[in-house]
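A short worksheet on the structure shown next.
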Amino acid sequence: MSCLVDSSVWIDFFNRKSKSPEKEALERLIANDYALYLCPAVYQEVLQGIRDDRAFEETKYILQYYGMVDVHLMAAANHAVNLYRGLRKKGITIRKPVDCLIASYAMLGDLHILHNDNDFNQIAKGSGLKIYRV
C-alpha cells in the first residue's frame with residue numbers, strides 16, 4: 001500500500017511543536033521507508049506558507065525526495081470536477097474544492113491518503129477515496 005500525504009499532515013510534521021496522531025503516523029511511515037507521494041497542490045500548499053528562506057529551502061529539499069503522483073493534470077482536474085459535483089448531488093459539500101483535486105490524485109493513483117482534514121472524510125463517505133487509518 002502506498003500513501004499520498006496531505007499538506008495538513010506535512011505542515012504538522014515540519015512544525016516541531018505540533019503533535020497529532022497523523023504526524024506520528026507520518027514519522028513511522030518515514031522511519032519504515034514507506035512509499036509516500038505528493039501531488040502538485042500539496043507541494044504548493046506546504047511551501048507557499050513558509051516565510052523563512054532557509055526553512056523554505058530545507059522543506060523543499062525534503063519534499064522533493066518523495067514521488068509526485070504520476071497522473072495527467074487534465075485527468076486529475078476532470079476527476080476533481082466530477083467528484084465535487086457528484087458529492088454535491090449526494091448532499092455533501094466540500095469546504096475547500098482543492099481537496100477534491102488532492103483526493104482525485106490519490107484515487108487515480110490508487111493511493112490511500114493520510115490527512116488531518118475533515119473534508120477528506122466527507123469525500124470518502126461519498127466516493128472511493130481510501131483513507132490511511134492511524
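The values are calculated or read from the model by the stated rules, or taken from the named source; none is laboratory data. None of the values given here were measured: they were computed from a predicted structure. Cβ: placed from backbone, ideal geometry, glycine included. Neighbour counts: every protein chain shown.
Across the range 88-107, what is the total count of residues that are in contact with a Cys (Cβ under 6 Å, 6 or more places away or on another chain) and free of Cβ contacts under 8 Å to residues at least 60 places away in the same chain?
Result for the range 88-107: 1.
Considering only the range 43-83, how many residues are farther than 17 Å from residue 16 by Cα and modelled with pLDDT under 95?
Of the residues in that region, 1 qualify.
Could you check, for the range 50-57, whether at least one of its residues is closer than 22 Å to residue 130 by Cβ and not hydroxyl-bearing (Ser, Thr, Tyr)?
no
Which residues, taken from the range 19-42, are among the hydrophobic types (A, V, I, L, M, F, W, C) and loosely packed, with under 15 Cβ neighbours inside 10 Å?
Residues satisfying the conditions are 31, 35.
Is there any pair with a first residue in the range 56-85 that is outside any helix (DSSP H, G or I) and a second that is among the hydroxyl-bearing types (Ser, Thr, Tyr) whose Cβ atoms are under 8 Å apart and which are 6 or more apart or on different chains, and what are they?
As it stands, the answer is 66/37; 67/37; 68/37; 68/43; 69/37; 69/105; 71/104; 71/105, since those pairs meet every condition given.
Residue by residue, here is whether (1) more than 16 Å from residue 45 (Cα to Cα); (2) out of contact with any strand residue (DSSP E or B) (no Cβ under 9 Å at 6 or more places or on another chain); (3) surrounded by 16 or more Cβ atoms within 10 Å (Cβ to Cβ); (4) aliphatic (A, V, I, L, M) holds:
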{"residue": "62", "(1), (2), (3), (4)": "no, yes, no, yes"}
{"residue": "83", "(1), (2), (3), (4)": "yes, yes, yes, yes"}
{"residue": "86", "(1), (2), (3), (4)": "yes, yes, no, no"}
{"residue": "99", "(1), (2), (3), (4)": "no, yes, yes, no"}
{"residue": "103", "(1), (2), (3), (4)": "no, no, yes, yes"}
{"residue": "116", "(1), (2), (3), (4)": "no, yes, yes, no"}
{"residue": "128", "(1), (2), (3), (4)": "yes, yes, no, no"}
{"residue": "132", "(1), (2), (3), (4)": "yes, no, yes, no"}
